[in-house]
Amino acid sequence: MIFNSLGYLIFLFTIALVYYIIAKKYQWLFLLISSYLFYMTWNVKHVFLLLFCTCITFGLGKLINRTGGRSKKMYLVLGISVSLIILGIYKYYNFFAESLQRLLNRAGLPVTISQLSLLLPVGISFFIFRVLSYLIDVYRGEMDAAENFGKYALYVAFFPEMVSGPIERPRHLMRQFDEIHVLKEENIAAGFQRIVWGIFKKVVIADRLALCVDSVYGNIGNVHGQAYFWAALFFTFQIYFDFSAYSDMAIGSAKILDIDLKENFQRPYLSRSIADFWRRWHISLSSWFRDYLYIPLGGSRKGTLRWGMNIIAVFLASGLWHGAEWSFIAWGGVHAALQIVERVWSGKKAPEKIKAFISPFQIIINFVLAGMAWIFFRADTYGDAIYVLKNLFLFQDGFQLNEIGMGKQDFILAVVLIAIFCIAEIIEEYCNIHLRSLFYKFPYAVRVCAYVFVLMFVILFGMYGDLSANSFIYVQF
């Protein structure tokens, strides 16, 4: 059940209706049942994997909490190992088996390594990281082990964030399950607004851009150079609108239930550096790697060389987390390399007037670099990514819009909507105006008309109601 479907909206508002009617002490139990039902709509069999992972980490969390010394560390290592083995078998075994087989074959050894026929569980990367957060936080003494198995299971499987995050920390989310939640008009309004804008960003913008992106990347080598340029540019915006739309809908869904999830994006394409980009993009994931990998490795405390090695380790792990392909690893490597270059460059002093002058150019340069790195993220293979990069600025005669799978109207609509959203983000960034808060100051009738207009726009341009093939990009991770 994907968020951008009529079935999900019916599911959500049915859940919300019952949630506020039943006895308050059973609200968490009802959410747990609802979350498992939601996950079962993807694959019933994978529910048992989710339950197994939940049971193991719940038990090990209690053992970590009760013991000390070597035993405490042993239980932590066991919990991390079991979780990563589960993730590795389902997501990475075939990738490493195929890579090893190719290496051995090139070395003259005709070896065949059998692969597994396993369907990747939806959201596995996200719920594995949630249970790892829990185990590590308990081990560090930052929280006590959960006493209520059901509430811990709800933390792992909470349906708004189950499939694609945000990756909530246990201390922030689990305490909210102990609270009494009452119906609040402002929560319903705020949640509904986030969901509507999320649908708009996904269906009207991201899915329009996908027409070009999917067409070009599915036809590598058979289009003009301009097509690669537009595909790279449009994917830079597609992934932002697609993933931020999911985050909007997740945050909005939870808000309707009087539960707060953390923001996951903060205008990342207005960053002045790649390091700043990662403080604004997929914030829950980047902060996860910072707190649970980068800082434990030593962060920047042990010299420049060690810092560089830590950055490389973190971003290669991030690339691998996103997908079992060398192109994802290359994407992580590119971001690591860019941060190292930035660190060296930042050591060079420049007058303040020059810094102020070059600030807009830093944003443009950072956007271009991030956009080019996305080519590795989107391409099916590392070889395809290199081919696109080689032809990215090769403008050739004879280019037609149909090469990018878009008609003139779709193309113009996509460009106009991108421009409008860029202007809106610039206003929020530099004028200190929060447009969502400003929207609430309009009369109620005006807001209702705006909602109706947006929904009609979704129906008209997004063909809302038949979107089974247009799942969110991050669902695959």
Requested in this report: Return the distance in nm (one decimal) between the two label points of a simple spin-label model at VAL344 and MET1, each offset 7 Å from Cα along Cα→Cβ.
Outcome: 5.2
Report task. Work out from phi, with θ = phi - 60° and the Karplus expression 6.51 cos²θ - 1.76 cosθ + 1.60, the ³J(HN,Hα) of each residue of the range 238-250, listed in order in whole Hz, and give x for Gly and Pro. Result -> 4, 5, 5, 5, 5, 6, 5, 5, 4, 4, 4, 5, 5
Query raised in the report: Which chymotrypsin sites (Phe, Trp or Tyr not before Pro) from the range 220-265 combine a DSSP loop assignment with at most 11 other Cβ atoms within 10 Å?
Result: none
Query raised in the report: Placing +1 at every Lys and Arg Cβ and -1 at every Asp and Glu Cβ, with all other atoms neutral, what dipole size does the chain have around its Cα centre, in debye to the nearest 20?
Result: 1520
Report task. Quote the FRET efficiency, to the nearest 0.05, computed for MET40 versus LEU84 with a Förster distance R0 of 30 Å and r equal to the Cβ-Cβ distance. Result -> 0.75
Report summary line: Hull surface over four for the Cα convex hull of the chain, reported in nm², is 26.6
Requested in this report: Of the options ASN105, SER244, GLY59, report the single residue whose Cα projects farthest towards the positive end of the charge dipole of the chain (beta-carbon charges: Lys, Arg +1; Asp, Glu -1).
Outcome: GLY59
Report summary line: Each label sits 7 Å from Cα toward the beta-carbon; between SER71 and PHE399 the label points are separated, in nm, by 6.8
Report summary line: Non-local residues with an amide H under 5 Å from the amide H of PHE265, with H modelled 1.01 Å from N and Pro and chain starts lacking one, are ILE283
Query raised in the report: Taking Cα centroids, how far is the range 273-291 from the range 1-70 in Å?
Result: 27
Query raised in the report: For GLU161, GLU429, what's the largest-to-smallest order of accessible area, 1.4 Å probe?
Result: GLU429, GLU161
Requested in this report: Calculate the spin-label point distance for ALA317 paired with LYS441, positioning each point 7 Å from the Cα along the beta-carbon direction, and give it in nanometres.
Outcome: 4.5
Report summary line: Expected vector for the range 118-131, Karplus 3J(HN,Hα) from phi with 6.51, -1.76, 1.60 and θ = phi - 60°, integer Hz, x for Gly and Pro, equals 10, 7, 5, x, 4, x, 4, 4, 6, 6, 5, 5, 5, 6
Query raised in the report: Of the cross-linked pairs LYS91/LYS184; LYS62/LYS202; LYS202/LYS408; LYS72/LYS255; LYS151/LYS255, which ones have a Cα-Cα span greater than 30 Å in the structure shown?
Result: LYS91/LYS184; LYS62/LYS202; LYS72/LYS255
Query - Top positive-direction residue, dipole computed over the chain with Cβ charges, set VAL216, VAL44, LEU305 - result: LEU305
Report summary line: Taking R0 as 35 Å and r as the Cβ-Cβ distance between LEU109 and ARG140, the FRET efficiency 1/(1 + (r/R0)^6), rounded to the nearest 0.05, comes to 0.20
Query raised in the report: Rounded to the nearest 500, what is the chain's calculated 222 nm mean residue ellipticity when only DSSP H runs of at least 4 contribute -39500 (n - 2.57) each, over all residues?
Result: -22000 deg cm²/dmol
Query raised in the report: Ranked from the most accessible area to the least, with a 1.4 Å probe and all protein chains present, what is the order of HIS46, HIS434, HIS282?
Result: HIS434, HIS46, HIS282
Query - Accessible carbon and sulfur surface of the chain relative to its total accessible area, %, 1.4 Å - result: 66
Report task. Just flag the GluC sites (Glu not before Pro) in the range 171-218 sitting in loop per DSSP whose Cβ has no more than 16 other Cβ atoms within 10 Å. Result -> GLU179
Report summary line: Ratio for the range 1-74, C-alpha Rg to 2.2 N^0.38 Å, reads 1.52
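The values are calculated or read from the model by the stated rules, or taken from the named source; none is laboratory data. Only a predicted model underlies this, so the values are computations on that prediction, with no experimental measurement involved. Note that each Cβ is placed from the backbone with ideal geometry, even for glycine, and that neighbours are counted across all protein chains shown. All accessible areas refer to the heavy atoms of the entire protein, side chains included, with ligands and DNA or RNA removed. Shrake-Rupley method; radii C 1.70, N 1.55, O 1.52, S 1.80 Å.
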